[in-house]
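This report concerns only the one structure given below.
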Amino acid sequence: MKVHIVSVFLLFLTISATAEYRALSHKDRAEFLNSFQAVKIALAEKNYQAIIRFVPEIITRYESIMLDPDCKTIRPHFLSMNQMLREARNIRATDSLEAIIAEKKATCNTYQLLQVYDSILPVMSVLDTSLYQSHLSYYNGLAITLANSKTVDNYSLLSSLRHIDNSVLESFLRTINDKFNMKIAQLSASMNPDSIYAFHVQYPNIRRDDIVALLDRSRLAMRHSLLRKPSLLGYKDYKKIFGDDPTLKDALSKQAFKSSLGSIPDPSAIKEYIAYFPEDGSAIWNRFEDSLFIKWSSWRSTTNTNAYLKLFPQGKYAAIIQDHVTSADAVSAYSPEYFPELRKKK
């Protein structure tokens, strides 16, 4: 069998990169020829396991043949031995795939068998072209059988396969087009972004423009609702489908800040926001501290005094506030342990 020039070149590169050259004696060359004849007999007898087991060592032992000037006449045999090793490995690999297919035919349903074929066919096409064509025909026959049961789920499976004949899919789609039209109408009526997105993922090529338009409409509706009433839980659902949105994030930040800076400051909403957006932690805490101080400066009540000192006992304005405390009652509720996690950040 003729060896492709690229294969010869790659073989030469491999040998030159991994071995030391040594000239072969007359005895070495004779032993190699004996080994070559033994490998030919093993291949004829389909003793592939022996070839795979012993030939790599023979090739390594006699690899100097590729450079030795005295080995010019036996060099084709050396290349042929490499080819026989590849052939034995391919046959063993093909036999293994055939065994897998036979087992799956006996134990799997049509759905599973098609998925198994879909993963095996690319390897089979490299190992044995004629066998690949035989299995491909069987695979397409299974697909046609499945297409005869005209359901949306069957179309979903068939459209996910990589090697299915496109004509089978096109014919199948024409027969169930009405079912898809009804499903899309239901999606349009509900405008549920999760359902629309799930349809888009499951059937990426079905009415693509219509589904993308529905997704955009549902995104705008969901976004408008979140802008009117910011919700961290709602934003998580939005992000899962549509990704980050700086405007919605800003609305969440403002809502958390407003909620935390009430008549009796409570940073729970800010903590929840920072747990989801930790990168904003430092900036929002600094802003919150500044706002508490501005609030205290405008009205130096006991509530505003205690609010700042409880949250920022070592804060940048703590000394100023403490200097202006004229009544013991004004700090009676002060406790450095009120928010210990904030104190660790300082």
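The values are calculated or read from the model by the stated rules, or taken from the named source; none is laboratory data. Here the structure is a predicted model, which is why all the values come from computation and not from measurement. Cβ: placed from backbone, ideal geometry, glycine included. Neighbour counts: every protein chain shown. For the accessible areas, the whole protein counts, side chains as well, though only heavy atoms, and no ligand, DNA or RNA atoms are used. Shrake-Rupley method; radii C 1.70, N 1.55, O 1.52, S 1.80 Å.
Data for the structure
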{"read-out": "Qualifying residue in region 249-264 (condition: closer than 30 Å to LEU215 by Cα, surrounded by fewer than 16 Cβ atoms within 10 Å (Cβ to Cβ) and without any contact (Cβ under 8 Å) to a residue 40 or more places away in the chain)", "value": "yes"}
{"read-out": "Failed item, numbered, when ASN205 is tested on (1) open to solvent by 90 Å² or more (accessible area, probe 1.4 Å); (2) under 28 Å from the mean Cα position of the chain (by Cα); (3) over 30 Å from GLY141 (Cβ atoms)", "value": "(3)"}
{"read-out": "Entirely in region 1-96, the helices (runs of 4 or more DSSP H) that have 2 or more residues that are at pLDDT 90 or above", "value": "26-44, 48-61"}
{"read-out": "Region 124-138 residues that are free of Cβ contacts under 8 Å to residues at least 40 places away in the same chain, paired with ones that are not in a helix (DSSP H, G or I) (beta carbon under 7 Å, 6 or more apart)", "value": "LEU136/HIS163"}
{"read-out": "Residue among GLU289, GLU279, GLU337 that is of a type in the set (Asp, Glu), modelled with pLDDT under 80 and either surrounded by fewer than 17 Cβ atoms within 10 Å (Cβ to Cβ) or out of contact with any Cys (no Cβ under 7 Å at 6 or more places or on another chain) (or both)", "value": "GLU337"}
{"read-out": "Criterion (in contact with a Phe, Trp or Tyr (Cβ under 7 Å, 6 or more places away or on another chain), surrounded by fewer than 16 Cβ atoms within 10 Å (Cβ to Cβ) and within 28 Å of LEU121 (Cα to Cα)) met by exactly one of ARG53, ARG92, ARG86", "value": "ARG92"}
{"read-out": "Matching residues, region 137-164, being open to solvent by 70 Å² or more (accessible area, probe 1.4 Å) and at pLDDT 80 or above", "value": "SER137, TYR138, ILE144, THR145, SER160, ARG162"}
{"read-out": "Of the criteria (1) outside any loop (DSSP other than H, G, I, E, B); (2) aliphatic (A, V, I, L, M); (3) farther than 30 Å from SER188 by Cβ, which one ILE264 fails", "value": "(1)"}
{"read-out": "Single residue of region 181-202 satisfying the filter (at pLDDT 80 or above and more than 23 Å from TYR238 (Cβ to Cβ)) that is most open to solvent (accessible area, probe 1.4 Å)", "value": "MET182"}
{"read-out": "Residue in region 233-247 that is open to solvent by less than 20 Å² (accessible area, probe 1.4 Å), of a type in the set (A, V, I, L, M, F, W, C), over 27 Å from ARG174 (Cα atoms) and free of Cβ contacts under 8 Å to residues at least 24 places away in the same chain present", "value": "no"}
{"read-out": "Index of the failed condition, TYR117 passing every other in (1) within 26 Å of ALA50 (Cα to Cα); (2) surrounded by 14 or more Cβ atoms within 10 Å (Cβ to Cβ); (3) not β-branched (Val, Ile, Thr)", "value": "(1)"}
